[in-house]
Structure formats: C-alpha cells, structure tokens
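Below you'll find the structure, written out as structure tokens, and then a few comments.
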Amino acid sequence: LKGRPEGGNCGAMVVAVPVQPLQPLHSGSGTQLPRVEPQACLGGSPALRGQSAQPLPSASGPAAAAGMAMLAAAAVGVARRAAAHRAGLRSARRMPLVAQPVAMPASRRWTSPVTRSALTQAAPAEIFGAATDEAYNIPEGVRAKVGKNLLLEPAHPLGILWTAVQEYFSSEDPSCKFYDRNAPVVGTKQCFDDLRVPPDHPSRAPSDTYYVSKEVVLRTHTSAHQCEYMKQFPEVKSFLCAGDVYRRDEIDASHYPVFHQCEGVRLFDASTMTTEEIEADLKRTLEGLAAHLFSIKVGEDTMRWNEDYFPFTEPSFELEIFYNDDWLEVLGCGVIHEEVLQNAGLDPKKVQGWAFGLGLERLAMVLFGIPDIRLFWSEDERFSEQFSPESFSKKVRFQPFSKYPPVMKDISMWIPDNFQDNDLFEMIRDEGGDQVEKVDLIDEFTHPKTKRSSKAFRVTWRDMSRTLTNEEVNAKHEKVLDRVVRELEVELR
C-alpha cells in the first residue's frame, strides 16, 4: 500500500492503493468484512511466506464497488509500470552487442571482493585453465552449461541454424574461415578493452557479467575473439566465429543466462576499397544472408537499414526484415572502428573492414517457431525428436506439446540503495533452474516520507515436462526468500 510503511501485498495481485484513511469494506447486507492485517500478507509472516496469495473475500454494494474500482485502477497502473520497466530492460539489450556507453552508477561499478553473488557451491579452483579468485560469481546452474557445445550438435536447432549460416558464407566467399570451438573464458582486455568498451560501462559490472576472476570473464559476446583473428590478416581475410556467451539477465521466454552468437568479419586492402564501398559490400552480403535464412527476396519492401551505435564500429547499422507481417530486427553491424583495427595490430591506413553480430537463439525461435528459450536446453524427446539436420531445408516448425499449469509466487520487499534486479533474478534461477518461466516487476515505489524504495515481483513457475505441485514450489520459493534477506539485505513486506 503506497504511503503506508506497514502495508503488505494482499490478494491474488500485488497492487498499490493510496487510501487515506483506510476504511473497512461492508458487504451488501451491512456486515463488515475483516481487515487484512500486514502480518497476514505475503512475505509478512513466516507461516505464509511460501504460500500462494489468496483472493480477498467477495463483496457487493456501493462501498465494495468503489473499492473494486480503485483496485482495478491500481492494477492498470501496475500493468503499465511493469510494461514500461520491461520495455526499458529490452531497449537496453536490444542487440547481442554492447550498447551505447553510459556512466555506470557507483552501486554497479567494480568492487573487490564481490559481496553478493548467487552461489550455492564453492568456487572451483579453475575454469578452462583460468584460476578463480574472490571475484568469482558464476552459479552452479550456469557453470554446468559451460562446454555443452549445442552448436556442434547437427540435429539441434542451434546447430542447424549455424550450419545454414556457414553454407551461405561458404558459397558467397569460399575463403571464409569458421571458428566454433573457442573456450568461452576470455580476459577483460579481449572482452572489453580491445573493443572500446569504456571502463565504467554497465556491461562490465558483476551484476551483468560472470567473472571467473577480476581479469577473466565468461565472454559476453563472440566479438571477444575479433582482434585475435584479425591479427592473422592477410592469411585470414574473412571469418565467422560462433559460440556460447553468458550474461546475467532478466527471466522470461526470450532471455537466458547462456545463449549463442555468431560474429563475422571481412577485411580489405584499404588501397583498393573506399569506406563507402566497404559499407556497400557489408549491406549486400548481409541482405543475402537474411534472404537465405528467411526465404525472402531482397528489396525495399522486405528489408530496411537503420543507423545504430556500437563502440567497435563506425558507422553502425541494424538490419530489419519484414517477416510474418511485422518488422524483425535481424542483426547489428558496421565498418570496423580504426581503434579496434589498431588493437589487432593493423594499420587503418592499410587495412579496413566490416563486422556483424547476430543472436542465434533469437533467429532460431522465429525460423522454427520455438516459443520459449528454455527449450533449447531441454532433454525432453518430444522436443529433440522434432528436429534433424534437414530441418532448415524442410522448413520444420516446432509443434508444442502440452503446456502445464503455472504456479505463481509474489515477492515484495524494501530494497537497499545498491539493489540490482539481476541479483534477484540470479538467485531465483539458481534455486529454480528451468522451472522458472518468468519474473515480472509488478510494482515499485518510493515512500514519500522515509524515502525507502520498494519493489514487488511475480515469479511464474512452470515446468516444461510435468505439472509442478504447490508444495515443491513453496519449498524452493522459501529458499529464495531466505537468500534474498540474507544475501541482498532486503526487508520482506
């Protein structure tokens, strides 16, 4: 309840209703309905914290109607705020590339040691030969996926798409090299410095990136290998590099802490190509890739280019295609920035080139009709048996199997100044794994007098292969609540 520090989250939906003073509701017969005390609200009582929210008693009459109208208005406000929040998160992560540099808030800048990390097991001594230290913040659920190499499985949707991309570039440029076996552990110099990512950029923060140690990370993009292979010019003039990348992120059907990218580069002798000609070659090549993948023709009515910004290309662009009656963003690209060329040991006066990056899960979900990113990691045969190496040429579409009912749990809390949503998401993933379908922000406000900030989240639990019981979800949800209090220093409401 906005403006009331003792207020809690009552009912089937967490809503904020500014009522001053709080008046009791009466039924149509004049019987006063019981007031719901804060300690009986979700999160306020240890006995109820793991239970689902219960709806308020029904009522009728003018007072009840007015109350319901207020609840409805508040619910609309909640939905709008949640939608705006999600849009903001998505806009910050539109591309599988680093976004416009902005100043990082002090609460997100690097501090050593990391005081909050969603870990359920002690850090290993090393990962892929890189020693860990106090900066290690990789949960077991993410570490278990390192080295799975889904791209190398020819009958997996990601492997099928990667093969289709290679087929196009092999026919378009026979000299093109393909790399898909690089270890995902890279230095911060490779991942950030070489690509002109500023030292205070939010993507470097432990709330966004998985650190093996202070100087080593799980790569956040395949661009981390760009300079490594550009150094081999002129023996290597064009290449594609694909692999798994890692980012702490929100939880929904299109975001996952592990996903896959493809990075492409083509270099030219600067004495033979102008910047305009390189840009034209870039657009022609990538329009051909989009036409190949989506079986469409190149044209103004099917494709369009928009200006964009990436720190490692200048100028920068994004390609959109008109597909299924809507414009779909396919990839980001641009002419390689001169400083990036220099970081690869190349002289920009002698060598120029272009680069692009695309997210494979995102395109595979569109091409094969896969509705939930968690399915890429599913071992359910009802998913895997639908695909074969010929699925791309046969234009196979995923046929959904039974969707099991969800179990929803709400978390409302007063948060400290340094609270990061991603820290909460990481803990929920750590305890729930792929049984967590999504987490929505359903309300947030700052108390006008105390200036304390509050956030409320709704966690949707849904297994993709079976029905979850309320009891087993309660047990995991209770662990989440205990951890957020202990590790994130929040106060449950």
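The values are calculated or read from the model by the stated rules, or taken from the named source; none is laboratory data. In this text the structure is predicted, and so the values were computed from the model without any measurement. All Cβ positions, glycine included, derive from the backbone under ideal geometry; neighbour counts span all protein chains shown. Ligands, DNA and RNA are excluded from the accessible area calculation, which covers all protein heavy atoms including side chains. Shrake-Rupley method; radii C 1.70, N 1.55, O 1.52, S 1.80 Å.
Taking only protein heavy atoms and a 1.4 Å probe, the accessible area of region 316-423 is 46% carbon and sulfur. When its C-alpha radius of gyration is set against 2.2 N^0.38 Å (N residues), region 214-316 gives a value of 1.28.
Of all the accessible heavy-atom surface of region 130-269, with the other protein chains kept in place and a 1.4 Å probe, what percent is carbon and sulfur? Percent of accessible area from carbon and sulfur atoms in region 130-269: 50.
Once the 1.4 Å probe is applied to the protein heavy atoms, region 187-248 comes out at 28 Å² accessible per residue. From most to least packed by mean Cβ count within 10 Å, the peptides 158-164, 242-248 give 242-248, 158-164.
A straight chain from ASP173 to GLU134 at 0.36 nm per residue would run longer than the Cα-Cα distance by 9.5 nm. Solvent exposure of region 329-404, expressed per residue, is 44 Å² of accessible area, with all protein chains present and a 1.4 angstrom probe.
Once the Cβ-Cβ distance of THR275 and GLU385 is raised to the sixth power relative to R0 = 51 Å, the FRET efficiency obtained is 0.55. Could you check the spin-label model distance between ASP325 and LYS297? Points 7 Å from the Cα along Cα→Cβ, value in nm. The modelled label-to-label distance comes out at 2.2 nm.
Taking the centroid of alpha carbons for each part, region 427-493 and region 165-240 are 34 Å apart.
With all pairs of separate Cα atoms included, region 255-412 yields a Kirkwood hydrodynamic radius of 18.2 Å. Put simply, when 226-236, 388-398 are sorted by average Cβ atoms within 10 angstrom per residue, most first, you get 226-236, 388-398.
With a/c under 1.5 counting as rounded, go ahead and sort region 356-417 into rounded, prolate or oblate using the C-alpha gyration tensor (a ≥ b ≥ c being the square roots of the eigenvalues; past the cut-off, prolate if a/b is larger than b/c, else oblate). Verdict is oblate for region 356-417.
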